[in-house]
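Peer 1: Could you have a look at this structure, given as structure tokens, before my questions?
The values are calculated or read from the model by the stated rules, or taken from the named source; none is laboratory data. For clarity, every value in this text was computed on a predicted model and none was experimentally measured. Positions of Cβ are backbone-derived with ideal geometry, glycine not excepted, and every protein chain shown enters the neighbour counts.
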Amino acid sequence: MIVRIIIMKSNKTKKKKIENLRAKHMAVIALSLCGAFLMMFTDDWSSYICIFCAFIATNSDRKFESEDELSKENMYRSNTIVMWCLIAAMVVLAGYNKWQDISYVVYLCTACLAITLRSILFLWFDRTPKQDTEDE
Amino acid sequence: MPELTTKLKEYRARTGMKQGELAELVGVRRETIIRLEKGQYNPSLKLAMDIAKVFGATVEELFSFSD
């Protein structure tokens, strides 16, 4: 065990810096919110770039730490909540669509907000109080 | 509902290992170790066995459920 720790410590300097999952989800929140707001107010190509970047950030695991069982469980919980929210949103939009046509922007904004909510919920479930962490 | 109690922190302090180091050894994030130490997370059997292996202890010595 001690040998493994020593090897791990000696290898520490060689390893490249890996961003944690919280940073990844913060980026996803920022990009998808930017995409939603840009789409709401400008509806030009910049919003599509933001959404594309959010999609890439959501599905990329190259530079980020790999998910462990706790993060998978937290993600499962947030996905479940977001799925029900999306179903509710679709029902509301379908009902509203009966009286008035809804722009495609509303659907795209709903998708962006779902991505944002998913990451916010993940960060909420994954939060760690400061007093529980140790100085490392 | 039975509550998870763990001696993980005690064992870790005994070996002078940091949360991050233990996390790296068993292949999880530091947040998972923090939650485990607080008894807020039920680990999978594999993770429990991996942690027990690191400390040279049994799963029962490290984790227990109290009513």
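Peer 1: Could you check how many residues of the stretch B:1-16 are closer than 14 Å to B:Val54 by Cα and surrounded by fewer than 18 Cβ atoms within 10 Å (Cβ to Cβ)?
Peer 2: The qualifying residues number 7.
Peer 1: Residues of the stretch B:38-50 being modelled with pLDDT under 90 and within 8 Å of another protein chain (Cβ to nearest Cβ), which ones?
Peer 2: Passing the criteria: B:Lys38, B:Tyr41.
Peer 1: While we're here: All but one of (1) closer than 17 Å to A:Asp68 by Cα; (2) touching a strand residue (DSSP E or B) at 6+ places or on another chain (Cβ under 8 Å); (3) not in a helix (DSSP H, G or I) hold for B:Thr5; state the number of the condition that does not hold.
Peer 2: (1)
Peer 1: On the basis of being at the interface with chain A (Cβ under 7 Å from one of its Cβ atoms) and either in a helix (DSSP H, G or I) or more than 10 Å from the chain's Cα centre (by Cα) (or both), does B:Arg12 make the cut?
Peer 2: Against the criterion (at the interface with chain A (Cβ under 7 Å from one of its Cβ atoms) and either in a helix (DSSP H, G or I) or more than 10 Å from the chain's Cα centre (by Cα) (or both)), B:Arg12 does not qualify.
Peer 1: Moving on. Hey, B:Val28 hits all of (1) under 23 Å from A:Lys72 (Cα atoms); (2) not in a loop (DSSP other than H, G, I, E, B) but one; which does it fall short on?
Peer 2: B:Val28 satisfies all of (1) under 23 Å from A:Lys72 (Cα atoms); (2) not in a loop (DSSP other than H, G, I, E, B) except (2).
Peer 1: Continuing with this model, one more query. For the stretch A:76-94, how many residues are touching a helix residue (DSSP H, G or I) at 6+ places or on another chain (Cβ under 6 Å) and either exposed (fewer than 13 other Cβ atoms within 10 Å of the Cβ) or within 14 Å of chain B (Cβ to nearest Cβ) (or both)?
Peer 2: Residues in the stretch A:76-94 being touching a helix residue (DSSP H, G or I) at 6+ places or on another chain (Cβ under 6 Å) and either exposed (fewer than 13 other Cβ atoms within 10 Å of the Cβ) or within 14 Å of chain B (Cβ to nearest Cβ) (or both): 1 in total.
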